[in-house]
Structures are given as structure tokens and as C-alpha cells.
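Q: This is the structure, below, for whatever I ask next.
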Amino acid sequence: MSILLIRHGETALNVARTVQPPDTPLSPRGLAQAEALARRMATLGLAAIVSSDLPRAWRTAEALAVTTGLRVEPSALLHERNFGDLRGRPYDSLGFDPLHMLDAPPNGESAEAFRQRVTDAFAMLVRLRATLAGPLAAVTHGLVIRELLLGHAALPTGMTVPARIGNTSVTVFAATQPHEVALLDCTRHLGAALGDNEQSLSGG
């Protein structure tokens, strides 16, 4: 019983290392990454797709829907952490790391509130997967995936949560306890031409 965590495709603001407003779309490269991901997912027998309804995640999920014939179900629980008034600002100009700040930025979400929302998202995914006859794909964001891995999944010996989650990467963990991770941050579907840009911002 598997749950697949998928990060959205690349955006221009990922590459520009800018904290992203909620309406940020995929870049042309991100769209191509989503198509490559969809071709990989078409062979896995997915039973359902749930996604953040922020455009960068939703468009990635739509690519999966085309190749699988499944409907995408939205969930606000899978949204990226809300950085409020920091959104739209260059990450490297802030003078601090907003991705790890504990307090809520103005009009944003604290680390504690984000952690609780991700806990609720995890419970939702496990409940949904229990009703299905095949794997569940959840399309979401970098910080959500890291928090799910840090707080709820069991990593085999020698496996550690990466500092950054690649665009359209696939992480697979068991829907039953202890929720062991079988595949971590895999982007083999991208190949050299569409490979993840390691300098881009992973989260926010």
C-alpha cells in the first residue's frame, strides 16, 4: 500500500530563488518536467491523485491526470507553507532563512501551524489510501514533502532526508505503519535534458 509524494515542476521563481506567490505558474521547463513525470506515472497503476490547488502543483497533477485518466482531487492541506508578505521577495536578499523560521512572517504561517497542517495532510493521505485498490499520488511542495518525511515517515538505515527536494521528484512510502520509505527524491524520469537545477529554491 503505497503513497507517492511528488513535488511540482520547475517555476521561473524557483530558478530566480524567489519566495513564490500562490499564483506562480510552471515555467516551460517545468511543464516539460511534468510531462516526463506523467509518462513515468502512466505505468504505475495509480488509483487516485490528490494535489495542492496552487497552480504550480495543480498543473503538474493535471499532466498525470491526462496520462492516467484519473480526476485530480484538490486539498489545501497540501499547500506550501504560507510566507505571507515575504512572497515575491528574493530569498538571498532577506538576510535570513525564511524556510526555517519559527515565527510567522507578516500575514503568513508559523512553523508550528505549518507542522500541524502537514500532520493533518498526512492523516488525510493515509485515510484516503486505505480506501483505494492501488497507489495514491499526492502532488505538493518541497517543504511539505520534507516535513512529511521528517515527522511521519520511517527512513531505512543509511537514508537521510535531503536538504532540497527536486522538482517533480518522486518519494514513495508505505501507507501502513511504520510508513517506511522505499524511494526517496527520485528524478530519473527527467534525464539529462530536464534534470533538476540544484541551485534553484526548494521550498517557499
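The values are calculated or read from the model by the stated rules, or taken from the named source; none is laboratory data. Keep in mind the model is a prediction, meaning the values are calculated, not measured. Ideal geometry is used to build each Cβ from the backbone, glycine not excepted, and the neighbour counts take in all protein chains shown.
Q: Does the stretch 11-30 include one or more residues that are assigned to a helix (DSSP H, G or I) and surrounded by fewer than 16 Cβ atoms within 10 Å (Cβ to Cβ)?
A: yes
Q: Does the stretch 152-160 contain any residue that is free of Cβ contacts under 8 Å to residues at least 60 places away in the same chain, surrounded by 14 or more Cβ atoms within 10 Å (Cβ to Cβ), touching a Gly at 6+ places or on another chain (Cβ under 9 Å) and not small (Gly, Ala, Ser)?
A: Checking the stretch 152-160: not a single residue is free of Cβ contacts under 8 Å to residues at least 60 places away in the same chain, surrounded by 14 or more Cβ atoms within 10 Å (Cβ to Cβ), touching a Gly at 6+ places or on another chain (Cβ under 9 Å) and not small (Gly, Ala, Ser).
Q: Can you give me the number of residues within the stretch 163-204 that are at pLDDT 95 or above and either within 24 Å of residue 122 (Cα to Cα) or crowded, with 19+ Cβ neighbours inside 10 Å (or both)?
A: Final tally of qualifying residues: 24.
Q: Now a separate question. Among the residues of the stretch 164-194, which ones are among the hydrophobic types (A, V, I, L, M, F, W, C) and without any contact (Cβ under 8 Å) to a residue 24 or more places away in the chain?
A: 183, 186, 192, 193
Q: When the stretch 72-119 is examined, which residues are found to be at positive phi and loosely packed, with under 13 Cβ neighbours inside 10 Å?
A: 88, 95, 107
Rundown of residues vs (1) under 23 Å from residue 59 (Cα atoms); (2) acidic (Asp, Glu); (3) out of contact with any Cys (no Cβ under 7 Å at 6 or more places or on another chain), yes/no style:
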| residue | (1), (2), (3) |
| --- | --- |
| 103 | no, yes, yes |
| 111 | no, no, yes |
| 125 | yes, no, yes |
| 145 | yes, no, yes |
| 154 | no, no, yes |
| 172 | yes, no, yes |
| 184 | yes, no, yes |
| 190 | yes, no, yes |
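Q: All but one of (1) in a helix (DSSP H, G or I); (2) closer than 25 Å to residue 22 by Cβ; (3) under 18 Å from the mean Cα position of the chain (by Cα) hold for residue 126; which doesn't?
A: Single failed check for residue 126: (2).
Q: All but one of (1) in a strand (DSSP E or B); (2) surrounded by fewer than 18 Cβ atoms within 10 Å (Cβ to Cβ) hold for residue 62, so report the exception by its number.
A: Answer for residue 62: the failing condition is (1).
Q: Return yes or no: is residue 187 under 25 Å from residue 42 (Cβ atoms), touching a strand residue (DSSP E or B) at 6+ places or on another chain (Cβ under 8 Å) and among the polar types (S, T, N, Q)?
A: Yes; evaluated as a whole, the condition is true for this residue.
Q: In the set 121, 163, 137, which member is assigned to a strand (DSSP E or B) and either closer than 26 Å to residue 25 by Cβ or in contact with a strand residue (DSSP E or B) (Cβ under 9 Å, 6 or more places away or on another chain) (or both)?
A: Just one listed residue meets the conditions, 137.
Q: Suppose we filter 67, 60, 119 for residues that are of a type in the set (Val, Ile, Thr) and over 19 Å from the mean Cα position of the chain (by Cα); which single one remains?
A: Unique residue meeting the criteria: 67.
Q: I've got another one for you. Going through the stretch 89-123 one residue at a time, which ones are touching a residue at least 60 places away in the same chain (Cβ under 8 Å) and among the hydroxyl-bearing types (Ser, Thr, Tyr)?
A: Selection gives 91 alone.
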